[in-house]
Structure formats: C-alpha cells, structure tokens
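Encoded as structure tokens, the structure appears first; notes follow it.
The values are calculated or read from the model by the stated rules, or taken from the named source; none is laboratory data. Remember, it's a predicted structure, so these values are computed and weren't measured experimentally. Using ideal geometry, Cβ is built from the backbone for each residue, glycine included, and neighbour counts are taken over all protein chains shown. Just the protein is used for accessible areas: all its heavy atoms, side chains included, with ligands, DNA and RNA removed. Shrake-Rupley method; radii C 1.70, N 1.55, O 1.52, S 1.80 Å.
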Amino acid sequence: MFSKILIANRGEIAVRIIRACNDLHIKSVAIYSRIDKESMHVKMASESHEVSADPLKAYLDGDAIIEVALSCGAEAIHPGYGFLSENAEFAKKVSEAGLVWIGPDSSVIARMGDKKAARDLMQKNGIPIVPGTDIINNCSIQEIKAMANKIGYPVILKASNGGGGKGIRVVRSDHEIEENLNACKREAMAFFKNDDVFMEKYIENPKHIEFQIIGDNYGNIIHLLERDCSIQRRHQKLVEIAPSPTMSLDLRRRMGSVAVAAAKAAKYTNAGTIEFLVDDLGRFYFMEMNTRIQVEHGITEEITGFDLIGRQIRCAAGEILDLNQSEVLHQGYAIEVRINAEDVANDFKPNPGKITTYYPALGPFVRIDSAVYKDYTIPPNYDSMIAKLIVRASSYDLAVNKLIRALEEFTIRGIKTTIPFLLNIAKDKDFRKGNYDTLYLESKMQELMPNETINKDDIAAAIAAAIAIKAGY
Ligand code: MV4
C-alpha cells in the first residue's frame, strides 16, 4: 500500500479523496492555486503545495504537478474528475515518472476518449450500439444523405473527440443536413482540434443509465449497479438516482452483464462508468465510457456499502478485488442533488461570493460531500458546484421524502444556490413516480422555476427595521 498520495484536484472531490486516504492511513498531498490557499482541501491534507498563482494552471500543469509529487515523496497521483483526469498524455507521464496513476491505463483513456474508436471496439465485442456510420468527413453530401435515409431520420451527428454535449447535432431531414454537418465540424475543430464526425440513429427522449464498474489489475471486473442520470440541463447533471426506480430486475441483469463485458473488452482497470441510452421500449445501447471517478459516485457507495475511492486506491496499489458480482446488492435507494452557486432565475448564471450562513442538513442517511464552510468566499474561477447532498432510504418514495426534508433543512445565505429549484424537482409528481428521461428538465423548466416574488410582510419588516435604526431605537 502507498504511504503518500498526491491529489491533482480541488473542491469536494479533493476533500473526498483526502478522507479516503485518512481512512487507509495514507498521507495526502494537496496542490493549490494562490486563490485556493484558504480552501478546505488545503487545510485538510497532510501537506499542501502551491503549484501556480494562475487559478487554472495550478490544476492543469501536469509537469509541475509531477514535480511536486516526486519532490515530496508521493508514490501515486489521484486525478479526481475534470482537470487532468481524462488526459491520457498526463496519465502516461505520471507512470513514466515512476508514480502510480490511480485510474485505468493511459492507452485505455485514449481509446475511450475517441468516441468512434470506443464504438468500434464495442461493436467488435458484441455490445449493442445505436445503428450508425464510419467517419463521414470524406463523403459527399449525396452519400451522407443516402446514409441518413438508410438509417432513417432523425439522426445525430457526433464529433469523434466530443464531450460535454459539444460537437453534437440532431438532424431531422435531408435539407438540414449540410448546414448541421458544417456547424458540427466547426464546433468540433474549435473545442477538440479535430473535426472527425460520424452519424447515428437519434434515439428520442432516452433515459441516461450508467453502470459503475470496478476492476483490479488481474482481469477481475464487476459492476456496482446503475444510476439514472437523465435529469440534466444542457448536459449538466442536476439529480442522480441509484438504482433506477423503474428498471426491471431482468433489464438490470442484462445491462449489468453487458456493462461488465464492455469493460472487459476495453481491458479496463480501476473505477469507470459505462453509459447507456435506454429508449422507451427498454432497448439499450452503449453510448460512451468514462474513464474516471464521477461526481455521482456517492449514490453508488450509499446503496452498495462499497467505498469507491478507497477501492480505487487499493486496486491501483495492486490489491485483488475480493468480491463477486453476486455479493453486490443494493440497500434501498439513494438520490444525489448538486447544489450549485447559481442564479437559477438568471439562466443558471454562476453566483460566486461569500457564504455568510451555512447550516448543512444532518440526520440519519443524509450525506453531504462539500468543500465550503461559513465565511468561505467561493472564487469565480471554477465550477459552480459547492455541495452534493446525498440521501438514502429503504424505498424510492421514502428517499424522495428525505430529500425534501434535507433540502428544506439545508441553509446557505450570502449567495444564490440551486436549492429552491432542486426542492421543486423533489416535490414534482413525475419525479416521485420515477417518470423522467433526458427531456424532463427542458419540458418542465417553467413549472420548476422558483417563485421569486418577495413576500410583502418581509418588505414591511425591512422598512420598519430601517426606520427604527434611523430613529435610533
Ligand atoms: C445520443 C442521443 C440520442 N441518440 N445519441 C448527449 C451527449 C453525448 N454524450 C451523447 N448525447 C446523446 N447521444 C443517439 N444516438 C441523445 C443524447 C443526449 C443526451 C444523452 C444523455 C443525457 C442527456 C442528453 C441530452 C441530449 C442529448
């Protein structure tokens, strides 16, 4: 086992990894940018090193991070999510520097990062994929229209190097295809410096179901059930549920074994996720594989009792996965909501600033993964997620009740947060019924918008207080 791990990240995931290190009696090394000096991960780690004054470079300068790891005697690097976590080149450099990369091999990261290559690998191994084409960049518009008609409209154009919802276009007829193809290629070139595009049949309003995978270095791979991540806004997840409250045991068993077969085909090690699209008839298709720990890993930990970050570290250190698939059971249901410092009424615009009041929800089966505290000032330079609230209960219905209770208890003042919006989701009838797909948020946005009309009594009280102050009472 390692004696010291460097964490190449910040925020709540850095804190989560430090906790896993402490649980395993491993020393933790935090890195930080100058503005993060007062951040929780810096305070909690065994030791901390400023990498750069630049807010982003500190977490993106791979060479500088490796240098810190070597000079302080760390044996491994945990990348968390985002930043360098899916950068195959960085993973390779870490290994070449004699450090252990806590994640899959760099060649696997590179292969799965290429969506078309991942699709081809899955097809070759009998994993169900959506009907589609090869890269179409060298085809004429006539040929592309012929392919689209053969697949049948609607189709979706996807950048092979895409991600985060960038470089995708839905096309519903011949006359829209040329313009969408050009836009898709332009966007792909701008964001990913590669404009390779392929085409798939477009699945209307699918559910986004993903299976958690864990593998050791000896070919043992299991799944840890699924998460429904359909509730998204512009490709940002807001709510995740584990397991899916609407999936049949038969579908779970079939998708689970396909997920394990997909991970085996990729020669996968460590923690990862297989994402599927599920249509309204329950047909499922491999969409992509994420080669990192994900934001929503906590709900899987809560329902399975399996410490994913701890297991990532233990697998990377060469331990054998001492668990069979049949031993993975779920205890009830867990729901995660992402609490973001955002002004929901103002198009979810980030709303950084100082937290003046902070009372996290507590009580049985309520977990908060966060890196903020009272009087902490959220910098404007990073992601707006400030806390993940995770609840668990014996049934999905009771988990929804607990979510409402915890969101009503959670008090944050000084900044605007997504709490009122999340509470409206929690209280929505379709949410309680498990009736949601990837269209859910878009179609209910008006209904779920928090009512921001200010209470007349509050105004009266504020005026009275102001008069009282002025009058010298
Ligand atoms: C799809 C799809 C429907 N059919 N592919 C969105 C981002 C990228 N990961 C792939 N995405 C999709 N691919 C086919 N063939 C629908 C989406 C999609 C989506 C997927 C999951 C969650 C939310 C989504 C929102 C819009 C589109």
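For Asp437, no residue has an amide H sitting under 5 Å from its own, ignoring neighbours fewer than 5 places away on the same chain, with H placed 1.01 Å from N. In sequence order, the range 339-344 has phi-based couplings of 8, 10, 7, 9, 9, 4 Hz under the Karplus curve 6.51 cos²θ - 1.76 cosθ + 1.60, θ = phi - 60°, and Gly or Pro positions carry x. Applying 1/(1 + (r/R0)^6) with R0 = 45 Å to the Cβ-Cβ distance of Ala471 and Leu362 gives a FRET efficiency near 0.65. Rounded to the nearest whole Hz, the Karplus-based 3J(HN,Hα) values (6.51 cos²θ - 1.76 cosθ + 1.60, θ = phi - 60°) of the range 409-421 follow the sequence 7, 5, 10, 10, 10, x, 9, 7, 10, 7, 3, x, 5, with x at glycine and proline. Could you please state how large a percent of the accessible area of the chain is carbon and sulfur, counting protein chains only and using a 1.4 Å probe? In the chain, the share of accessible area belonging to carbon and sulfur is 50 percent. The three principal axes of the Cα atoms in the range 58-120 give end-to-end lengths of 42, 21, 16 Å, sorted in falling order. With N counted as the residues of the range 367-470, its alpha-carbon radius of gyration over 2.2 N^0.38 Å works out to 1.35.
Output the direction-averaged projected area (hull surface divided by four) of the convex hull of the alpha-carbon atoms of the range 207-448, in nm². Write out the running numbers ahead of the final one.
Working: hull surface 52.5 nm².
So the Cα hull casts an average projection of 13.1 nm².
A Stokes-Einstein calculation at 4 °C with viscosity 1.567 mPa s, built on the Kirkwood radius of the chain over Cα pairs, returns a diffusion coefficient of 55 µm²/s. Compute the relative contact order of the chain as a whole-number percentage, counting only Cα pairs closer than 8 Å that sit 6 or more residues apart in sequence. Computed over the chain, the figure is 13 percent. Computed over the alpha carbons of the range 4-102, Rg followed by Dmax gives 11.8, 33 Å. Residues in the chain average 44 Å² of solvent-accessible surface per residue, probe 1.4 Å, ligands and nucleic acids excluded. In the chain, helices alone account for a calculated mean residue ellipticity at 222 nm of -11000 deg cm²/dmol, with every DSSP H run of four or more residues adding -39,500 (n - 2.57). For the range 131-201, the percent of C-alpha pairs falling in each 10 Å distance bin, counted from 0 to the bin holding the largest distance, reads 24, 59, 17, 0. Take the Cα of Glu178, go 7 Å toward its beta carbon, and the backbone nitrogen atoms of the range 120-150 under 14 Å from that spot belong to 140-146. The GluC sites (Glu not before Pro) of the range 1-58 that DSSP puts in a loop, and whose beta carbon has at most 16 other beta carbons within 10 Å, are Glu38. The calculated FRET efficiency for the pair Ala117 and Ser395, based on their C-beta separation and a Förster distance of 56 Å, comes to about 0.85.
Using a probe of 1.4 Å, the accessible surface attributed to Lys166 totals some 80 Å² when neighbouring protein chains are kept in position.
Summing Cβ point charges (Lys, Arg +1; Asp, Glu -1) relative to the Cα centre of the range 131-201 gives a dipole of roughly 200 debye.
Residue-wise HN-Hα couplings along the range 139-147, as the Karplus relation 6.51 cos²θ - 1.76 cosθ + 1.60 with θ = phi - 60° gives them from phi, are 8, 6, 4, 4, 5, 5, 4, 4, 5 Hz; Gly and Pro carry x. Taking packing as the residue-averaged number of other Cβ atoms within 10 angstrom, the listed peptides 258-266, 246-254, 192-200, 367-375 run from highest to lowest as 258-266, 192-200, 367-375, 246-254.
Multiply the residue separation of Gln236 and Gln142 by 0.36 nm, subtract the distance between their alpha-carbon atoms, and state the gained length in nm to one decimal. Spell out each step's value before the answer.
Details: separation 94, 0.36 × 94 = 33.84 nm, distance 3.54 nm.
The span from Gln236 to Gln142 would gain 30.3 nm if fully extended.
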